[in-house]
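Derivation of every value follows stated rules applied to the coordinates shown; laboratory data play no part. Because the structure is predicted, anything quoted here is derived from the model rather than measured. Using ideal geometry, Cβ is built from the backbone for each residue, glycine included, and neighbour counts are taken over all protein chains shown.
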Amino acid sequence: MVKRLVAGIIVLMLLLAVLLGFAAWLGNFSVFSVFASSSDEKVVQSISREEEVVLLRLGIQGIAEETVATEVFGQALPGSGRAHFLKYKYSAMLGVDGAEVDIEKVADKKFRISVPEFTFLGHSDVSFETAVEDNGVISFLTPEIDIPQTVTKILNNEAKDQHIQDNKELLEDQCKNFYTSIIRGVDPGVEFEFSFAGS
């Protein structure tokens, strides 16, 4: 009876070992495999025609200076200053929204061209680089200068508006030449009068 019980336990242990071995073998040599794929679908939400007319392209370059220092009782602490000189250049495009330009016939062979406000149409060829950086001996007490904020100041809306104001007469002349050459290309005898918004 004891021999049968021992023999049964041995058989059961062998069977369990065989099952565990088979399970391990299935784990390494599974007949199942995993298939993975990914996709990226893009949909164009909208297309719009742009009728912007570039009248001037300005080449802008300069050096922006930013300084900061730690103050004690309202006075700058000597040696705590930081100074950063950022050299920059870019091309600025100024012009007009051609869709807003109104061409009206006022008499035989005479047209009135009403031009909206000039606008900043964009910039390209942007380049920024540090020209000089000067830090005092205890400048570690002063926070570092925020260079991205300096870049933002250079390209902000106030700067864009200033480009337009500084070049308004040139923009008007270029606009007259642009539309006059187009229409006179069809009929050389046409006369014009121009009206500029904000003038």
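Determine the dipole magnitude for the stretch 82-199: charges of +1 sit on the beta-carbon of Lys and Arg, -1 on that of Asp and Glu, nothing else is charged, the reference point is the Cα centre, and the result goes in debye to the nearest 20.
The calculated dipole for the stretch 82-199 is roughly 180 debye.
Taking the inverse of the mean reciprocal distance over all distinct Cα pairs, the Kirkwood hydrodynamic radius of the stretch 80-198 comes to 17.9 Å.
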